[in-house]
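Chemist: Take a look at this one; I'll ask things after.
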Amino acid sequence: MLAMETLFKLTAREAVSRLKNGEVSPIELIDAAEERIRKTDAKINALPTLCFDRARTNARRLIEKPIKDAPPQYLHGLPIAVKDLVEVSGVRTTWGSPIHAEHISTHSDYLVERLEANGAIVIGKSNTPEFGAGSHTFNEVFGHTHNPWNTSLSAGGSSGGAAAALAAGQVWLATGSDLGGSLRNPASFCSLVGLRPSPGRIAHGPTSLPFNDLSVDGPMGRNIGDVALMLDAQVGRDPRDPLSLPAPETSFLTAADQPLLPKRVGFSPDLGFLPVENDVKDLCAQAAQFFADMGVIVEEACIDFTGAGEIFHV
């Protein structure tokens, strides 16, 4: 059995496997997360709102009434963090704004309902810029979130709190959201994986704008397999969201474990018009070369983005 102080080092897949086999309990993982947060969050400010009483109540419920014949995407009581743009019943949700600094949610968003139905346990809300607007995570309610690798640097945004919490070992999985990079740049800044799914892949709401698909929710984790595991627990048709899609026949975790290489890929270092740091260009070139070394035909190509900015604002 792993010592409490080493549980945070497990991948999400390893933690779920141990939960499923009874080698560790949801309560023990919550305790480990709470201790890790106590040791690290004063320096990084990743999870300003915590809900351990609610989490332990849900954990005891799972322990007392374990699910039989759990589906493959079931998380068996794994603690997670939810971005503070998403409502969790009974927990403060601020959207990073002083306007909502004392707002206590009376319902959970569809995303949280599905994750909890699939055995996730929410232990806290991750910091975000006000209303998720920005690529650096800070707001007047909770202040700045710092990068765990170097606290003088940014954790990115707008899912910077989620990224910092994962990088610091505070949680095993976290939700994020993305309009123009808010899942991807924090993951990049903190050496993680963040995936922006296709619109409709994860049910969104409740909302007064159900057909607005510019922003999507998505998973964040420390590696590709963990992100695939979380995505499997997030997806599925929800009749309340007219854009939501059914879960795919092949799970994302299976696809991650048994990848099919494309025969040909297009690669652009700058999308034809964006300034890119030389170090980032080099890393992207290395990634493209990885595919070439695997026998994939890699060609430099770029979509014509002429007028893209004007089109976006229409």
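Chemist: Which FRET efficiency, nearest 0.05, do K68 and L214 yield, Cβ-Cβ r, R0 45 Å?
Modeler: According to the calculation, E is roughly 0.65.
Chemist: Scan region 209-314 for GluC sites (Glu not before Pro) in coil per DSSP, keeping those whose Cβ has at most 14 other Cβ atoms within 10 Å, and list them by number.
Modeler: E249, E277
Chemist: Ok, one more. Helix 52-64: angle to the longest alpha-carbon principal axis of the chain, degrees 0 to 90, nearest 10?
Modeler: For helix 52-64, the angle is close to 80 degrees.
Chemist: What does the C-alpha gyration tensor say about the overall shape of region 4-257? Classify as rounded when a/c is under 1.5, otherwise prolate if a/b is larger than b/c, or oblate.
Modeler: Rounded, since a/c falls under 1.5.
Chemist: Answer with one residue from F290, F305, P275: the one whose Cα lies farthest towards the positive end of the charge dipole of region 264-313, charges on Cβ with Lys, Arg +1 and Asp, Glu -1.
Modeler: F290
Chemist: May I have the count of lysine pairs in the chain with C-alpha atoms under 18 Å apart, counting pairs 8 or more residues apart or located on different chains?
Modeler: Here the count comes out as 7.
Chemist: Can you classify region 1-152 as rounded, prolate or oblate using the Cα gyration tensor, where a ≥ b ≥ c are the square roots of its eigenvalues, rounded means a/c under 1.5, and otherwise it's prolate if a/b beats b/c and oblate if not?
Modeler: Verdict is oblate for region 1-152.
Chemist: Using Cα centres only, tell me the gap between region 84-129 and region 160-203 in whole Å.
Modeler: 16
Chemist: Pull up the DSSP beta bridges for the chain and report the antiparallel fraction as a percent, rounded to 5.
Modeler: Looking only at bridges with both residues in the chain, the antiparallel portion is about 55 percent.
Chemist: Follow-up. With +1 on each Lys and Arg Cβ and -1 on each Asp and Glu Cβ, and nothing else charged, work out how big the dipole of the chain is about its Cα centre, in Debye to the nearest 20.
Modeler: Result for the chain is approximately 800 debye, rounded to the nearest 20.
Chemist: Turning to a different aspect of this structure: Quick one: check the C-alpha center-to-center distance for region 237-263 versus region 1-77, whole angstrom.
Modeler: Rounded to whole Å, the Cα centres lie 26 Å apart.
Chemist: Could you tell me which residue out of V86, A46, I67 lies farthest along the dipole of region 36-166 toward its positive end? Charges go on the beta carbon: Lys and Arg +1, Asp and Glu -1, centred on the Cα centre.
Modeler: Positive-most Cα among the choices belongs to I67.
Where a number appears in this text, it was derived from the coordinates with a stated rule and is not lab data. Please read these numbers as outputs of a predicted model, since none were measured by experiment. Ideal geometry is used to build each Cβ from the backbone, glycine not excepted, and the neighbour counts take in all protein chains shown.
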